[in-house]
1. Out of the residues in the stretch 113-127 that are in a helix (DSSP H, G or I) and touching a helix residue (DSSP H, G or I) at 6+ places or on another chain (Cβ under 7 Å), state the one that is nearest to His43 (Cα to Cα).
2. Pick out the one residue from Asp312, Asp338 that is modelled with pLDDT under 85 and open to solvent by less than 80 Å² (accessible area, probe 1.4 Å).
3. For Ser49, indicate whether it is surrounded by 17 or more Cβ atoms within 10 Å (Cβ to Cβ) and either in contact with a strand residue (DSSP E or B) (Cβ under 7 Å, 6 or more places away or on another chain) or outside any helix (DSSP H, G or I) (or both).
4. On the basis of being modelled with pLDDT of 85 or more and of a type outside the set (Asp, Glu), does Leu399 make the cut?
5. Can you go through Ala133, Ala85, Ala73 and tell me which one is at pLDDT below 95, in a loop (DSSP other than H, G, I, E, B) and exposed (fewer than 14 other Cβ atoms within 10 Å of the Cβ)?
6. Which residue pairs have Cβ atoms under 8 Å apart, sit 6 or more places apart or on different chains, and have a first residue in the stretch 182-206 that is within 22 Å of Gly236 (Cα to Cα) and a second that is of a type in the set (Asp, Glu) and open to solvent by 40 Å² or more (accessible area, probe 1.4 Å)?
7. State all residues of the stretch 364-408 that are among the polar types (S, T, N, Q), in a helix (DSSP H, G or I) and surrounded by fewer than 14 Cβ atoms within 10 Å (Cβ to Cβ); if no residue qualifies, say none.
8. Does the stretch 322-334 include one or more residues that are open to solvent by 40 Å² or more (accessible area, probe 1.4 Å) and at pLDDT 90 or above?
Amino acid sequence: MRDAVSRGLAAGALVAALAATVIATEAVAAVEIDQREVCLSCHDDLSASLQAGVAHPPAQEGQCSACHNPHVARHPGLLLDRPAALCASCHAEITESLSRPNLHPPVAEGRCSDCHQPHGGDHDHLLLAPGAALCEECHAEVAEWTARKVTHSPFVRGRCSRCHEPHASEHAALAVAAGGAICSSCHPFTDAFRRHHQNYPVEGADCQQCHDPHASARAGLFHAELHPPFEDGDCGLCHAPAGSADPLSLVAGQAALCGECHEDQVTGARRAPFPHVSAGGGDCSACHNPHGGADSALLKGEQRDVCFSCHDPGGAGSGQEGRYPSHGDDMACATCHDPHGGERPLLLVADPLELCGGCHSHQHSVAHPMGVESRDPRNGQPMDCLSCHGVHDAPYRKLMHRAGERELCVGCHQQPGERL
């Protein structure tokens, strides 16, 4: 009997304890925490941004835990996820745009805070700076454009987004539309407009072939250097008459047409043992703008950008694909390569020993034996600079193909019984 009473008392105590725990838990759950007040008690440096004219809704509403874990996290700033993924969890429209072929580098690399304030700021869309001032931080050429005599109104007013998408686009240069579609939104194709273009249907053309979209030293935003027939208004020298069925068509193939004035380049490219694919194939417009450009070569852009549009600067085996070369960052590609074609592989303007020795005279005089008398045992070819060094970039210092002095050397000079 006494044991039964003891068991009953113990059970009752257990029930009472459980009830007390439930009550205490409910009391704790009912406590509301002012996240903003608690966080600012330590992070008072955020007060100014939270009181700025444009606020990030979660921060404004005091929902700090919408982005941060208050105790521990795998990401800096106690963020719940990587910055890009965290932003995308609310900004679905940005996520959808990432499937477009052209991405703004900060977007592609998930660096949202390069352009936006995470808590609050003084500018629309929480931008770190207004309009062109923000773009200029990465695009240094903006300052040079601003100093030109003639500037495009949207550009000089800092309305970059009038023509460019800030995150991603279907079109090159993050353009909001293709070709003349952007231009026609402000410059309608009226009869007067067509008369200024000799009645050619320019609404089907790319306006940037003739005009600089940002700024120019010429009236009408024409390019700094113009192709003589275009500058003289002699469109019919290259194009069919304006009233014909296909007025924008050429009167002859590109190679034949360009060769009438540039015979040396066209004929030389076709006859060269190693022609440049585009030049040898007569596709001159792959690199050149037929109407105007920044210099007399009438390239479609900066020489490096034109070349890199087809050629990976790192090389497939460098481990550094997609980055600009560390070899001669300020060196034009044509310093070493013939842009149309030449007598040597890689379109080099001279043999590697002579070409490299032109700049690296000291290294050239004290280097490893090279030339026809020193053969590379790996391929039987004469040793030259390229046997050990990359042309543009390489994974290791001094543009070497292999790491360290030993690993590079034993690639050819193996010790007896040693295996690589």
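1. At the first step, the residues of the stretch 113-127 found to be in a helix (DSSP H, G or I) are 113-114, 124-126.
With touching a helix residue (DSSP H, G or I) at 6+ places or on another chain (Cβ under 7 Å) added as a condition, the list becomes 113-114.
Numbers: Ser113: 19, Asp114: 21 Å.
Filtering first and then ranking leaves Ser113.
2. Values: Asp338 fails: modelled with pLDDT under 85.
Result: Asp312 is the single residue among Asp312, Asp338 that is modelled with pLDDT under 85 and open to solvent by less than 80 Å² (accessible area, probe 1.4 Å).
3. Details: surrounded by 17 or more Cβ atoms within 10 Å (Cβ to Cβ): yes; either in contact with a strand residue (DSSP E or B) (Cβ under 7 Å, 6 or more places away or on another chain) or outside any helix (DSSP H, G or I) (or both): yes.
Against the criterion (surrounded by 17 or more Cβ atoms within 10 Å (Cβ to Cβ) and either in contact with a strand residue (DSSP E or B) (Cβ under 7 Å, 6 or more places away or on another chain) or outside any helix (DSSP H, G or I) (or both)), Ser49 qualifies.
4. Values: modelled with pLDDT of 85 or more: no; of a type outside the set (Asp, Glu): yes.
Against the criterion (modelled with pLDDT of 85 or more and of a type outside the set (Asp, Glu)), Leu399 does not qualify.
5. Numbers: Ala133 fails: in a loop (DSSP other than H, G, I, E, B); Ala85 fails: in a loop (DSSP other than H, G, I, E, B).
That would be Ala73, the only listed residue that is at pLDDT below 95, in a loop (DSSP other than H, G, I, E, B) and exposed (fewer than 14 other Cβ atoms within 10 Å of the Cβ).
6. These pairs meet every condition: Phe189/Glu203.
7. Hit for the stretch 364-408 is Ser365, nothing else.
8. In the first step, residues of the stretch 322-334 are kept if they are open to solvent by 40 Å² or more (accessible area, probe 1.4 Å); the result is 322-324, 326-327, 329-332, 334.
Adding the requirement that they be at pLDDT 90 or above leaves 334.
Within the stretch 322-334, one or more residues are open to solvent by 40 Å² or more (accessible area, probe 1.4 Å) and at pLDDT 90 or above.
The values are calculated or read from the model by the stated rules, or taken from the named source; none is laboratory data. All values reported here derive from a predicted model rather than from experimental measurement. Here the Cβ is made from the backbone with ideal geometry for all residues, glycine too, and neighbour counts use every protein chain on show. Ligands, DNA and RNA are excluded from the accessible area calculation, which covers all protein heavy atoms including side chains. Shrake-Rupley method; radii C 1.70, N 1.55, O 1.52, S 1.80 Å.
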